[in-house]
Amino acid sequence: MFSTLFVGVDVSQAEHVVCAMTAEGQVWARVRVPNDRPGIEQLIQWMKTQAAEFDRLAVGLESTSVYHWPLFEALTQAEGLHRWQPQWFLMNPSIVQGFRKTYVDRAKTDPGDAFLIADTIRFGRLRPAPAPDPRYTALRVVTRHRFHLAQTVSREKSRALNELFCLWGGYRATAKDRDQAFFSDVFSRASEHVLTP
């Protein structure tokens with residue numbers, strides 16, 4: 001039995017490119033799977049087969065937009081992988097880019113990135129990520145979207161106030177001259193009626 005199998009997954013919208021590596025840095029196996037549910041199931045089966053001679057499993061994924069999330073959730077919930085007590089690593093792409101500098105002759109390819117991800121976690125300087133709780137996935141998506149909408153509304157209000165100042169400087173009152181303001185809230189219904197042609 002070997003100790004740990006290190007698996008690096010280069011995530012993209014179309015497919016996942018995977019490289020498995022031994023603790024000595026030797027490539028154990030490689031595979032490509034589509035980024036869909038059958039592809040994820042295929043990857044789980046592949047990991048079980050490759051890890052058969054190992055005691056532990058360490059899996060690293062680049063957190064690429066939203067494309068890594070379904071894979072990360074499925075892998076952490078796959079009961080077939082639990083016997084290897086896997087550690088999960090979600091990596092900022094800048095970490096992999098920084099590690100790439102140690103390989104001056106390595107071109108940027110998907111298989112090369114999967115190799116670098118596996119090699120990065122093999123060096124063991126990263127903190128493992130906790131497995132996500134599927135009960136909170138929907139709440140996480142909704143609250144993050146609400147936060148994004150609130151930021152967008154705030155940004156657009158600031159832009160509107162700046163443009164309004166350029167057109168009609170006195171309309172927008174600052175905090176110190178509220179007593180001279182036309183309206184207590186520039187975005188009130190009464191103000192909206194004045195500004196609507």
Check: For D110, are the conditions met, namely being surrounded by 13 or more Cβ atoms within 10 Å (Cβ to Cβ), in contact (Cβ under 8 Å) with a residue 60 or more places away in the chain, closer than 24 Å to G39 by Cβ and out of contact with any Phe, Trp or Tyr (no Cβ under 9 Å at 6 or more places or on another chain)?
Finding: yes
Next item on the list: Filter region 45-62 down to residues that are open to solvent by 80 Å² or more (accessible area, probe 1.4 Å) and in a helix (DSSP H, G or I) and give me whichever is nearest to D10 (Cα to Cα).
Entry: Q45
Checklist line | Single residue of V104, V66 found to be exposed (fewer than 15 other Cβ atoms within 10 Å of the Cβ), over 18 Å from D10 (Cβ atoms) and either modelled with pLDDT under 85 or under 18 Å from the mean Cα position of the chain (by Cα) (or both) | finding: V104
Checklist line | Which listed residue is free of Cβ contacts under 8 Å to residues at least 24 places away in the same chain, of a type outside the set (A, V, I, L, M) and open to solvent by 70 Å² or more (accessible area, probe 1.4 Å), from Q42, Q77, Q87, Q13 | finding: Q42
Next item on the list: Name the single residue, out of those in region 19-39 being in contact (Cβ under 8 Å) with a residue 40 or more places away in the chain and either part of a helix (DSSP H, G or I) or touching a Phe, Trp or Tyr at 6+ places or on another chain (Cβ under 6 Å) (or both), that is farthest from V9 (Cα to Cα).
Entry: M21
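Taking D119 as the residue in question, decide whether it is modelled with pLDDT of 75 or more and not aliphatic (A, V, I, L, M).
Details: modelled with pLDDT of 75 or more: yes; not aliphatic (A, V, I, L, M): yes.
The answer is yes for D119.
Only one residue in I117, I121 is open to solvent by less than 70 Å² (accessible area, probe 1.4 Å), among the hydrophobic types (A, V, I, L, M, F, W, C), more than 24 Å from R140 (Cα to Cα) and touching a helix residue (DSSP H, G or I) at 6+ places or on another chain (Cβ under 7 Å), so which one is that? Explain how you work it out, then say what you get.
Details: I121 fails: touching a helix residue (DSSP H, G or I) at 6+ places or on another chain (Cβ under 7 Å).
Within the list I117, I121, the selection yields I117.
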Item checked: Among the candidates D177, D185, residue that is over 35 Å from the mean Cα position of the chain (by Cα), modelled with pLDDT under 75 and part of a helix (DSSP H, G or I) -> D177
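Would you say L5 is in a strand (DSSP E or B), out of contact with any Cys (no Cβ under 9 Å at 6 or more places or on another chain) and either of a type in the set (A, V, I, L, M) or closer than 11 Å to L71 by Cβ (or both)?
Numbers: in a strand (DSSP E or B): yes; out of contact with any Cys (no Cβ under 9 Å at 6 or more places or on another chain): yes; either of a type in the set (A, V, I, L, M) or closer than 11 Å to L71 by Cβ (or both): yes.
When the stated conditions are applied, L5 passes them.
Name the single residue, out of those in region 16-39 being of a type in the set (S, T, N, Q) and open to solvent by less than 40 Å² (accessible area, probe 1.4 Å), that is farthest from Q77 (Cα to Cα). Steps first, please.
Just the residues of region 16-39 that are of a type in the set (S, T, N, Q), to begin with: 22, 26, 35.
Next, from what is left, pick out any that are open to solvent by less than 40 Å² (accessible area, probe 1.4 Å): 22, 35.
Details: T22: 24, N35: 17 Å.
Looking at residues that are of a type in the set (S, T, N, Q) and open to solvent by less than 40 Å² (accessible area, probe 1.4 Å), I get T22.
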Checklist line | Hey, R155 over 18 Å from the mean Cα position of the chain (by Cα) and not in a helix (DSSP H, G or I) or not | finding: no
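What residue, among those in region 128-152 that are assigned to a helix (DSSP H, G or I) and in contact with a helix residue (DSSP H, G or I) (Cβ under 8 Å, 6 or more places away or on another chain), is most open to solvent (accessible area, probe 1.4 Å)?
Step one: filter region 128-152 for residues assigned to a helix (DSSP H, G or I), giving 134-152.
Applying the additional criterion that residues be in contact with a helix residue (DSSP H, G or I) (Cβ under 8 Å, 6 or more places away or on another chain) yields 134, 137.
Values: P134: 72, T137: 27 Å².
Applying the filter and picking the extreme gives P134.
For V96, are the conditions met, namely being exposed (fewer than 15 other Cβ atoms within 10 Å of the Cβ) and at pLDDT below 90?
Details: exposed (fewer than 15 other Cβ atoms within 10 Å of the Cβ): no; at pLDDT below 90: yes.
Answer is no for this residue.
The values are calculated or read from the model by the stated rules, or taken from the named source; none is laboratory data. Values in this document were obtained by computation on a predicted structure and should not be read as measured data. FYI the Cβ positions are ideal-geometry reconstructions off the backbone, even for glycines, and counts take in every protein chain you see. Each accessible area value is taken on the protein alone, full model and side chains, heavy atoms only, with ligands, DNA and RNA left out. Shrake-Rupley method; radii C 1.70, N 1.55, O 1.52, S 1.80 Å.
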